[in-house]
Amino acid sequence: MTWKQIDPKQILLEKIKTNGGWVNAHTHIDRSYIINHKNYAQTEDPLHLKWDHPDEFKARVTVDEIVGHMSQVIDNQLAQGVQALGSFIDCDSIVKDKNLKAAAIVRDRYKGQLELKFIHQPIKGLMDAEERRWFEEAASFVDIIGGLPEHDSKIKIGVDKKAEHLDILFETAKRHNKPLHVHIDQLNDPNQRDTELLIQKTREYDYKSKVSAIHCISIAAQEKSYRERIYKELVEQDITVIACPSAWIDGRRSETPAPTHNSITPIDEMIPAGVRVALGTDDISDIYKPFSDGDMWTELRFLLEATHTYDIDRLVEIATVNGRRALFLD
Ligand SMILES: [Zn+2]
């Protein structure tokens, strides 16, 4: 008997190639490959401390050196056949405009090789006047306005200013006529209901079809009727959700009761509900994720295994066309 085997991975990779190659819809190329012997110990720290750990690097690094770090990532991505990449870059009182200058050089250097979209990361929050000035400075440069409401919450600043953070993002995006990417519901915590807040603000600012949400993991920790309502509203507001599997598969143990699920964007429910899902690597070899190597297949594998998603055509969409939509390329 000859058993005609198939290799699902090869079928998937061929289809991704036919669709123009991978789209990495979310990463942070300005702080990739910054692990050294000294800062490795900081990789064990909680998230709200890690937000400030790259400061030593950011203060000392030159524009040319940042160009080197960014190019190292892009060369890695090109070698895998990545057609488009969306990267957050910090612009704040520590790094000042060095990342903006480096990004302009990199944009030129790789013209014609892949599509690049730069997005601003307000890693120091938006409540401090000086940080707000740097946010404004970046807003004119970047392609997409970026946000991190979790910074301006109890875990970092002791009070909840997430709604205010979102208001600033939407006002700025509107003023510059640019779309929006927001890190949201990262913590896999049922006490976090920030995708709901993002949807509410999208409606309030009339920003349908101009918002992508990164992570949306805490939705998975809510009860079913709530999850279903959020999926419906994500579809209504045409918000793309970007899953970055390896970045949060390490969600910390918690004693808070919640429905059992893996710590990942719940695409097993989102896709049947009609939500558009894209894929990103998030952090590459940095203080947050020292072992992450930016490999797109690894990310897709984590996603499909953790959510039991075997539909090849859906996986191809996640890896390609949906990423283009997430980055507002088409
Ligand atoms: Zn991120």
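So which residues in the range 190-228 are away from the ligand (no atom under 16 Å from the Cβ), small (Gly, Ala, Ser) and in contact (Cβ under 8 Å) with a residue 12 or more places away in the chain, if there are any at all?
Result: Ser209, Ala220, Ala221.
Is it the case, given these coordinates, that Ser246 is under 27 Å from Glu44 (Cα atoms), touching a helix residue (DSSP H, G or I) at 6+ places or on another chain (Cβ under 7 Å) and within 15 Å of the ligand (Cβ to nearest atom)? Spell out how you get there, then give the answer.
Working: under 27 Å from Glu44 (Cα atoms): yes; touching a helix residue (DSSP H, G or I) at 6+ places or on another chain (Cβ under 7 Å): yes; within 15 Å of the ligand (Cβ to nearest atom): yes.
When the stated conditions are applied, Ser246 passes them.
Suppose the filter is buried (at least 19 other Cβ atoms within 10 Å of the Cβ) and of a type in the set (Val, Ile, Thr); does Ile74 pass it?
Yes; evaluated as a whole, the condition is true for this residue.
Does at least one position in the range 107-115 carry a residue that is closer than 19 Å to Ser212 by Cβ and in contact (Cβ under 8 Å) with a residue 40 or more places away in the chain?
yes
Regarding the range 57-75, can at least one residue be identified that is within 22 Å of His120 (Cα to Cα), outside any helix (DSSP H, G or I), modelled with pLDDT of 95 or more and more than 16 Å from the ligand (Cβ to nearest atom)?
yes
Quick check on Lys208: is it closer than 23 Å to Ile89 by Cβ and within 20 Å of the chain's Cα centre (by Cα)?
Criteria not met by Lys208.
What number of residues within the range 263-308 are outside any loop (DSSP other than H, G, I, E, B) and either on the phi < 0 side of the Ramachandran plot or aromatic (Phe, Trp, Tyr) (or both)?
So the count comes out to 19.
The values are calculated or read from the model by the stated rules, or taken from the named source; none is laboratory data. Just so it is clear, the structure is predicted and the values come from calculations on it, not from any experiment. In this analysis, Cβ positions are derived from the backbone assuming ideal geometry, glycine residues included, and neighbour counts consider all displayed protein chains.
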